[in-house]
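The block underneath contains the structure these notes are about, expressed in structure tokens.
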Amino acid sequence: MYSSLFDICGICEREGISFWEAIQKEDASEQNIECDKHFKIMTDFYLAMKKSDENYDENLKSHSGLVGGEAKRISDRRKENKLLCGDFCGSVMEKALRVSESNACMKRIVASPTAGSCGVVPAALVSYQERYGLSDDKMVEALYVSGGIGEVIAKRATLSGAEGGCQAEIGSASAMAAGALCFLMGGDAEQICNAAAMALKGLLGLACDPVAGLVEVPCVKRNVIGAINAVTSADMAMAGIKSKIPADEVIDAMKSIGRGMSPDIRETGNGGLAATPTGKELVK
């Protein structure tokens, strides 16, 4: 497993391979399986992401009753052409809600990198595929890119809200999606890393403060923020904007910030939004 995005960029340059190929090669070797078989496994993950979007049920409510049907509201407004952000970002918003609501309603999702942040990567990738008509194989290559970024974050820092706050979940997912989008737009390894760095920087310090300890409020709507943040970060990177702080150092900063957070805002449900009067009332 790679522990540095800088190292991945170096391998891409030295071996003349794409970012996704560097990830596939390393991961397949680590699991001791052929690259073709590994690609099939990743394909199954991507198809499961698409299914979690397709199988969304607008009539379902989570057991608590706090989540359900909100993606339909965005869908209706999108169809009426009333979204300020336009149709593509509207699709990203809608899918982020669809997938994360499905998670809260106990339907099948792909943790990417966690269940609480499961809507970010699918929202970005499936929306892009629908808009530009790319093959599933190309999307799987992008999924390798996102997975590689997630692996480095896991190695250098954490993906756990309990350990690092929501920056470690939604922030990491946003970085993963940003890098994948950048790849799909033709970005090189350096641009992919810049996109990931900018996405993660934008969400540094994000608390994990679930109401009633459930992965519902504010988790579901934070998936929307993470997905849209990924889109804007990828656009900035493709425009030639660079992160002043290298991606690996941004990840290290996230780890440091997580360690400095009070336990009350690291998934305990004791602080932040969970501790507001309304948050406490919802628990009842």
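The values are calculated or read from the model by the stated rules, or taken from the named source; none is laboratory data. Just so it is clear, the structure is predicted and the values come from calculations on it, not from any experiment. We place every Cβ from the backbone using ideal geometry, glycine too, and count neighbours over all the protein chains shown.
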### Query
If you scan region 87-97, which residues turn out to be in contact with a Ser or Thr (Cβ under 8 Å, 6 or more places away or on another chain) and either within 21 Å of Gly150 (Cα to Cα) or not aromatic (Phe, Trp, Tyr) (or both)?
Ser91, Val92, Glu94, Lys95
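Restricting the search to region 253-271, which residues are touching a helix residue (DSSP H, G or I) at 6+ places or on another chain (Cβ under 6 Å) and either surrounded by fewer than 18 Cβ atoms within 10 Å (Cβ to Cβ) or not in a loop (DSSP other than H, G, I, E, B) (or both)? Spell out the reasoning first.
In the first step, residues of region 253-271 are kept if they are touching a helix residue (DSSP H, G or I) at 6+ places or on another chain (Cβ under 6 Å); the result is 254, 258, 265-267, 269-271.
Hits for region 253-271 are Met254, Gly258, Ile265, Arg266, Asn270.
Residues that are among the hydroxyl-bearing types (Ser, Thr, Tyr), at least 2 per element: which helices (runs of 4 or more DSSP H) completely within region 1-67 meet that?
Working: elements: 5-15, 19-31, 35-54.
The qualifying helices (runs of 4 or more DSSP H) are 35-54.
Going through Ala199, Ala154 one at a time, which residue ends up being at pLDDT 95 or above and crowded, with 24+ Cβ neighbours inside 10 Å? First the steps, then the outcome.
Details: Ala154 fails: crowded, with 24+ Cβ neighbours inside 10 Å.
That would be Ala199, the only listed residue that is at pLDDT 95 or above and crowded, with 24+ Cβ neighbours inside 10 Å.
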### Task
Name the residue, out of Ala197, Ala234, that is among the small types (Gly, Ala, Ser), in contact with a Lys or Arg (Cβ under 9 Å, 6 or more places away or on another chain) and in a helix (DSSP H, G or I).
Ala197
### Task
Working carefully through the options Val152, Val145, Val92, Val121, find the one that is farther than 22 Å from Val250 by Cβ and either among the β-branched types (Val, Ile, Thr) or not in a helix (DSSP H, G or I) (or both).
Val92
### Query
Hey, does region 238-245 have a residue that's under 23 Å from the mean Cα position of the chain (by Cα), modelled with pLDDT of 95 or more and farther than 30 Å from Ser91 by Cβ?
yes
### Filtered residues of region 237-252 (kept if over 19 Å from Ala168 (Cα atoms), among the aliphatic types (A, V, I, L, M) and surrounded by fewer than 19 Cβ atoms within 10 Å (Cβ to Cβ))
Met238, Ala239, Ile241
### Message
Consider region 39-65. How many of its residues are within 19 Å of Arg108 (Cα to Cα), of a type outside the set (D, E, K, R) and either in contact (Cβ under 8 Å) with a residue 60 or more places away in the chain or surrounded by 17 or more Cβ atoms within 10 Å (Cβ to Cβ) (or both)?
### Response
11
